[in-house]
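In what follows, a structure is listed as structure tokens, so that the remarks can point back to it.
The values are calculated or read from the model by the stated rules, or taken from the named source; none is laboratory data. All of these numbers come straight from a predicted model, not from anything done at the bench. Heads up, the Cβs are rebuilt from the backbone with ideal geometry, glycines too, and the neighbour counts pull from every protein chain shown. Keep in mind that these areas ignore ligands, DNA and RNA; they rest on the heavy atoms of the full protein, side chains included. Shrake-Rupley method; radii C 1.70, N 1.55, O 1.52, S 1.80 Å.
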Amino acid sequence: MSLDASPLTRLPGNIAIERVLNKLLQSGEPFAVCYADLDNFKAYNDRYGYIKASEVIKLTAELIHDTVRELAGGNAFVGHVGGDDFVMVVAAERGGSLCEAVIKRFDDFIRNHYSAEDLARGAIEGVDRYGVSRTFPIMSISVAVVISQQGEFTSAVQIAKAAADIKDLLKKSPGSNYLINRRRNPR
């Protein structure tokens, strides 16, 4: 196990993620980096407690890992950035179908981790990061996909920045979504 692996998920962490990305960048072969983030996780953690929230993180890691192994094969990579953020690195042409499968499985799975009352309401009441009371929809997953073609990116940091930009766009849309960056020459 990698020294930076998450003790909760047992998935490799940031050092291993960066190493995989840099190795692929050097190879020049196209690949997809799928950056997954859970939406409304903090509200869930606040409502249900850290033990149930940790269980959701662990089970989400297993769901992602199993889906990647099933659909993307042995050369694929899954890492845990930390918290509720995960990275999947797969062949460029597998990014879209992988995201669709992860989203479907996550949306089915997460319903088992809410009370019947919260599911019927479709949301939970909570306090946001600024101390404001509001309603939070049932947890969903956003996946930002960056396709790296030869010469398009020169570092793992550039890929991470592109993924963060896409994730910020996705977070503005309700429900589970994915978006693939097909733009050449990142800005």
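Observations, loosely collected:
- Some residue of the stretch 130-139 being open to solvent by 70 Å² or more (accessible area, probe 1.4 Å), assigned to a loop (DSSP other than H, G, I, E, B), farther than 18 Å from Gly175 by Cβ and in contact (Cβ under 8 Å) with a residue 60 or more places away in the chain: no
- The stretch 84-116, residues that are within 19 Å of Val56 (Cα to Cα) and surrounded by fewer than 14 Cβ atoms within 10 Å (Cβ to Cβ): Lys104, Asp108, Arg111, Asn112, Ser115, Ala116
- Within the stretch 141-177, the set of residues being part of a strand (DSSP E or B) and surrounded by fewer than 20 Cβ atoms within 10 Å (Cβ to Cβ) comprises just one member, Asn177.
- Close pairs (6 angstrom Cβ cut-off, 6 or more residues apart or separate chains): more than 14 Å from Phe109 (Cβ to Cβ) in the stretch 43-67, open to solvent by 40 Å² or more (accessible area, probe 1.4 Å) and in a helix (DSSP H, G or I) anywhere: Ala53/Asn45
- Looking only at the stretch 1-55, and only at residues there that are surrounded by fewer than 18 Cβ atoms within 10 Å (Cβ to Cβ) and among the aromatic types (Phe, Trp, Tyr), the one that is nearest to Val146 (Cα to Cα): Tyr50
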